[in-house]
Amino acid sequence: MKIYGVTGWKNAGKTGLMERLVAEFCARGLTISTLKHAHHSTDVDQPGTDSHRHREAGASEVLLASPNRVAIMQELRGAPEPSFTELLSRMRPVDLVLVEGFKREAHPKIEAYRTSAGNPLIASGDSSIRAVASDIPLDLDRPVFDLDDTKAIADFIATELGL
C-alpha cells in the first residue's frame, strides 16, 4: 500500500485537508483508507450502548457489526500503544492510506500550516515533510501549496507515489 501523511500543529487545517484529499482521490477512482492519531483519550463508543457495556465489563476486544459498517474496539488496558507499522498492518489493502498525525514517523508527509494557529513550521527540521500547504506564501526549500488547492496537493502526492 502507498502511504502519505498530513501533519501539522493543532488548528493548522490537517483534518480539512485530509477530508478534501480523500474526496479528491476517491473521485480519481482510487481506494483510500485513513489512519488518524489522537494524542488524547478518544472513545468512539458511547456510555449506555451494549458495546460500551461489554468493554466496561472487561472485554479486551469488542467487534460491532451492522449491515453498514464494522468497528473493532480494542482496550489496551495498560499495554503500550501499537506502533505505526503494526497499525498499518491491520488495515485492509487499498491504493492509498492517508495518515493524519504521526508527525514523528518517517513516511512522506505534507505539512498543513495556518498562520493564525501561531505555531512554528515543522518542515524546517523534518526532511520527511516533502511539501507545505499554507495559508500564506512561504520561502522554503520544498514546494509550498495554497492550503485550499486540493487538486494541486493531490497531484503532487500522486506524482510522488507514482499513482
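Readers should treat all values here as calculations from the given coordinates under stated rules, not as data from a laboratory. All of these numbers come straight from a predicted model, not from anything done at the bench. A quick note on method: Cβ atoms are made from the backbone with ideal geometry, for glycine too, and the neighbour counts reach across all protein chains shown.
Worth pointing out:
- Ranked by how many other beta carbons lie within 10 Å on average, peptides 141-152, 43-54, 2-13 from highest: 2-13, 141-152, 43-54
- In percent, rounded to a whole number, the relative contact order of the chain is 34, using alpha-carbon pairs under 8 Å and six or more apart.
- Span from the segment 42-71 Cα centroid across to the segment 86-126 one, whole angstrom: 28 Å
- The phi torsions of segment 130-142, fed into the Karplus equation with coefficients 6.51, -1.76 and 1.60 and a -60° offset, translate into couplings of 8, 7, 10, 9, 10, 8, 9, x, 10, 9, 10, 8, 9 Hz, rounded to whole numbers, with Gly and Pro shown as x.
- Cross-link partners of K36 among lysines (Cα-Cα below 17 Å; sequence separation of 8 or more within a chain): K2, K10, K14, K103, K109
- For the chain, the Kirkwood radius over C-alpha pairs fed into Stokes-Einstein at 4 °C and 1.567 mPa s yields D = 74 µm² per second.
- For the chain, complete DSSP H runs whose alpha carbons reach 15 Å or more along their own long axis and whose mean Kyte-Doolittle score is 0.5 or higher are 150-161.
- For segment 43-152, a simple Cβ point-charge model (Lys and Arg +1, Asp and Glu -1, everything else neutral) yields a dipole of about 260 debye relative to the Cα centre.
- Listed residue (N11, L121, F102) projecting farthest to the positive dipole end of the chain, Cβ model: F102
- Summarising the strand pairing of the chain, around 20 percent of its internal DSSP beta bridges are antiparallel.
- Protection proxy ranking, highest mean first, for peptides 80-88, 18-26: 18-26, 80-88, where packing is the per-residue count of other beta-carbon atoms within 10 Å, averaged.
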